[in-house]
Amino acid sequence: MSESILNTSFRLPCGVEIPNRIAKSALSEAIAEPNGRPSEALFNLYDRWGKGGAGILFTGNVMVDQAHLVNANVMIAEEDNFLEEYTTLTDKAQAHGAHLWMQINHPGRQTPSYLDKAPVSPSDVGMPSKLYIQPRPLEESEIVDLIERYANAALVAKKAGMKGAQIHGAHGYLVSQFLSPLTNLRTDKWGGSLENRARFVLEIYSNMREKVGPDFPLGIKINSADFQRGAFTEEESMEVIQMLDDAGMDLIEVSGGTYERAAMVGTTQKESTKKREAYFMDFIVKVRSKIKSPLMLTGGFRTADTMSKAISSGELDFIGLGRPFCLFPDVAKDLISGKMTDCTVPDLLTGVDKIDMTGMLQTPWNAFQLARMGKGMDPDPELDLWMVYEKITGRKRPV
Ligand SMILES: Cc1cc2nc3c(=O)[nH]c(=O)nc-3n(C[C@H](O)[C@H](O)[C@H](O)COP(=O)(O)O)c2cc1C
């Protein structure tokens, strides 16, 4: 049998060689200690994933400020706190050849009210839900401080021995909020024109680059679009991607949507798009014709055949997988060896439209699987969806 194209190595512009083309996209684990310290459960999980054959393992989003968290039990990297634990995590993840990259994030306004009573954002535009508190606009000095914090987290990643860092610029979090004209109404140099809205992410990149040096891989995950009226569009995303390309990004990962419209997990995609697998394929093909940075696409890939074709066509360089890694920790190894040809995961539908349309159970159901692996157990494909619903909402299932 001929060698799978998914198993070919790839050299990034900075010179680092990635062993193969399958990456575990970032998956918020929610099993750190309450103060953000990487826990035994995380070591177990990354030990498991480290054996699973991925070329790159992106960590779940790591927070730059303990005062502002996306969810409880998320990892935090401020200054050199927890360097020893990050080093252990890295050793587990990289023991079998995978490269561990830290995904770095700040939630901005997208933080639940039980966690953050004083959220910040570019402007005071709140989330359209009672679960979130109205944010206040960041002071300019705070913006400068945050840029430093993102860069410091990348330095923690490097000091811990990780092989790269990724800015979370997608899914409606702080970088996304700066990029979107719906959430960024500023009239100073951080808002208004696209160039001004992109200043935050470009400054983060250049500050990171200065701190970690030219040879350390830096990437970004960015939305092809937010899929909301008046928000960040495909045309704008294309322009920002060109700016990031010019700045020298080593890897650009394309996703889409926000937690108001969860396109990243396919909730808003047409059945025909889901069948074609990769949700944002049309966009990445356009991106490829305009930029030179390596590209990764995440969202919807399920069959080895489609993945191999996408790589052979030259339209992208890395396949990002999210949910399959929650159920099949060896998915990369098994797709490459041919043991697995399809890594389709359950649709997770309750039959209640109001719940299913939001995709609200996708993240917690999958996070339960990560918690199981953190305890040394196998994932459970039969895990009861209503149990997850009742746990996260505190409400009984609707009858
Ligand atoms: C449990 C869970 C946690 C996630 N956490 C993150 C995260 O921390 N950062 C991120 O960029 N995306 C996150 N995502 C989105 C995934 O990285 C990915 O974009 C999405 O699941 C689509 O890919 P898939 O169709 O292969 O699952 C998460 C998804 C799930 C299911």
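The values are calculated or read from the model by the stated rules, or taken from the named source; none is laboratory data. As the structure is a prediction and not an experimental result, all values here were calculated from the model. Cβ placement follows ideal geometry from the backbone for every residue including glycine, while neighbour counts extend to all protein chains displayed.
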Quiz item: Looking only at region 208-251, which residues are at pLDDT 95 or above, of a type in the set (D, E, K, R) and not in a helix (DSSP H, G or I)?
Solution: Asp215, Lys221, Asp250
Quiz item: Going through region 108-135 one residue at a time, which ones are in a loop (DSSP other than H, G, I, E, B) and among the polar types (S, T, N, Q)?
Solution: Gln110, Thr111, Ser113, Ser123, Ser129, Gln134
Quiz item: Looking at Asp47, is it of a type outside the set (S, T, N, Q) and touching a His at 6+ places or on another chain (Cβ under 7 Å)?
Solution: no
Quiz item: With Ala67, Ala77, Ala98 as the choices, which residue is in the same structural domain as Ser121 (by TED's automatic domain parsing) and under 17 Å from the mean Cα position of the chain (by Cα)?
Solution: Ala77
Practice problem: Name the one entry in Ala225, Ala231 that is under 16 Å from the mean Cα position of the chain (by Cα) and closer than 14 Å to Ser176 by Cβ. | Solution: Ala225
Quiz item: Restricting the search to region 155-196, which residues are at negative phi, free of Cβ contacts under 8 Å to residues at least 12 places away in the same chain and either among the basic types (Lys, Arg) or in a loop (DSSP other than H, G, I, E, B) (or both)?
Solution: Thr187, Lys189, Ser193
Quiz prompt | All positions within region 300-310 that are outside any loop (DSSP other than H, G, I, E, B) and surrounded by 20 or more Cβ atoms within 10 Å (Cβ to Cβ) | solution = Ala304, Met307, Ala310
Quiz prompt | Unique match (being in contact with a Leu (Cβ under 6 Å, 6 or more places away or on another chain) and surrounded by fewer than 21 Cβ atoms within 10 Å (Cβ to Cβ)) among Leu348, Leu316, Leu327, Leu297 | solution = Leu348
Quiz item: Could you count how many residues in region 311-323 are away from the ligand (no atom under 13 Å from the Cβ) and out of contact with any Pro (no Cβ under 9 Å at 6 or more places or on another chain)?
Solution: 5
Practice problem: Could you tell me whether region 258-276 includes any residue that is within 12 Å of the ligand (Cβ to nearest atom), surrounded by 20 or more Cβ atoms within 10 Å (Cβ to Cβ), part of a helix (DSSP H, G or I) and modelled with pLDDT of 95 or more? | Solution: no
Practice problem: Mind counting the residues in region 277-298 that are modelled with pLDDT of 95 or more and within 12 Å of the ligand (Cβ to nearest atom)? | Solution: 3
Quiz item: Do you know which residues across region 324-343 are closer than 19 Å to Gly374 by Cβ and within 14 Å of the ligand (Cβ to nearest atom)?
Solution: Pro324, Phe325, Cys326, Leu327, Phe328, Pro329, Val331
Quiz item: Would a scan of region 347-364 turn up a residue that is at pLDDT 95 or above and more than 12 Å from the ligand (Cβ to nearest atom)?
Solution: no
Exercise. Could you check, for region 135-154, whether at least one of its residues is surrounded by fewer than 17 Cβ atoms within 10 Å (Cβ to Cβ), in contact with a helix residue (DSSP H, G or I) (Cβ under 6 Å, 6 or more places away or on another chain) and either without any contact (Cβ under 8 Å) to a residue 60 or more places away in the chain or of a type in the set (Phe, Trp, Tyr) (or both)?
Key: no
Quiz item: Does Tyr114 qualify as being without any contact (Cβ under 8 Å) to a residue 12 or more places away in the chain and under 17 Å from Val74 (Cβ atoms)?
Solution: yes
Quiz prompt | Residue ID - farthest from Cys14 (Cα to Cα), chosen from residues in region 241-257 that are surrounded by 24 or more Cβ atoms within 10 Å (Cβ to Cβ) and in contact with a helix residue (DSSP H, G or I) (Cβ under 8 Å, 6 or more places away or on another chain) | solution = Gly257
